[in-house]
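> Below you will find the structure I want to go over with you.
FYI, it's all coordinate maths here, none of it is from the lab. Computed from a predicted structure; not experimentally measured. Reconstructed Cβ throughout: ideal geometry from the backbone, glycine too, with neighbour counts over all protein chains shown.
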Amino acid sequence: MKIRNGFVSNSSSSSFVIMGAIIDSGKNTEQKIMEMMGYEDYESDLAEYKERYYSDIELDEEIISEFFYEKFVPDYLDPEGYILIYECGHIKGKQVLFGKHVAEVGDYGTMSTSSYSAKDLEKLSKELQEVVGHDVEIKLYCGTYPC
């Protein structure tokens, strides 16, 4: 999974096609995504992580966020092929784009090679719907994000 946060000087961008959903984020974005993904060991793994690295302070949003990016993302989201994008033209305010890449063009203009039948896209849409919930609309999103 790739996470993009803001442009920097001399930065570049990637174009993408992602099937996914815009999720309202707010304070507990990471926790919400872990719950959506059915991460059953969240409570115990987070408690163990906090005890190992931060036993002398109270659990706060920064610790949850650090746990999310150091444990959950590489162990759960990456292997499943999910991506989170925090900045692109589709996102307004406190939202994130959550989904799976259908295609991407990187820094050097090379496009990932892939093809999807209508049945493949329908299957992917249903898979994502199960993760984000049936009250959230799944769409194809095309755009650019900083990298």
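> What lysines does K50 reach when the alpha-carbon gap must be under 18 Å and sequence neighbours fewer than 8 apart in one chain are set aside?
Hits, sequence-local ones excluded: K71.
> Regarding region 13-146, what whole-number volume in Å³ per residue does the convex hull of its Cα atoms give? Write out the running numbers ahead of the final one.
On the way: hull volume 16.4 nm³, N = 134.
Spelled out: Cα convex hull of region 13-146, divided by residues, is 122 Å³.
> Continuing with the same structure: For region 47-99, taking Cα atoms only, what is the radius of gyration to one decimal and the Dmax to the nearest whole Å?
According to the Cα coordinates of region 47-99, Rg and Dmax are 13.9, 41 Å.
> Also: Among the lysines, which have Cα under 18 Å from the Cα of K139 when same-chain residues fewer than 8 positions away are ignored?
List returned: K92, K100, K119, K123, K126.
> Let me ask another. So between E80 and K92, what do we pick up on full extension, going 0.36 nm a residue minus the alpha carbon distance?
1.7 nm
> Sticking with this structure for a sec: Using a Förster distance of 41 Å, how high is the FRET efficiency between L121 and Y54, based on the Cβ-Cβ distance and rounded to 0.05? Intermediate results must be reported in sequence, preceding the final value.
Details: r = 43 Å, r/R0 = 1.04.
With a Förster radius of 41 Å, E is 0.45.
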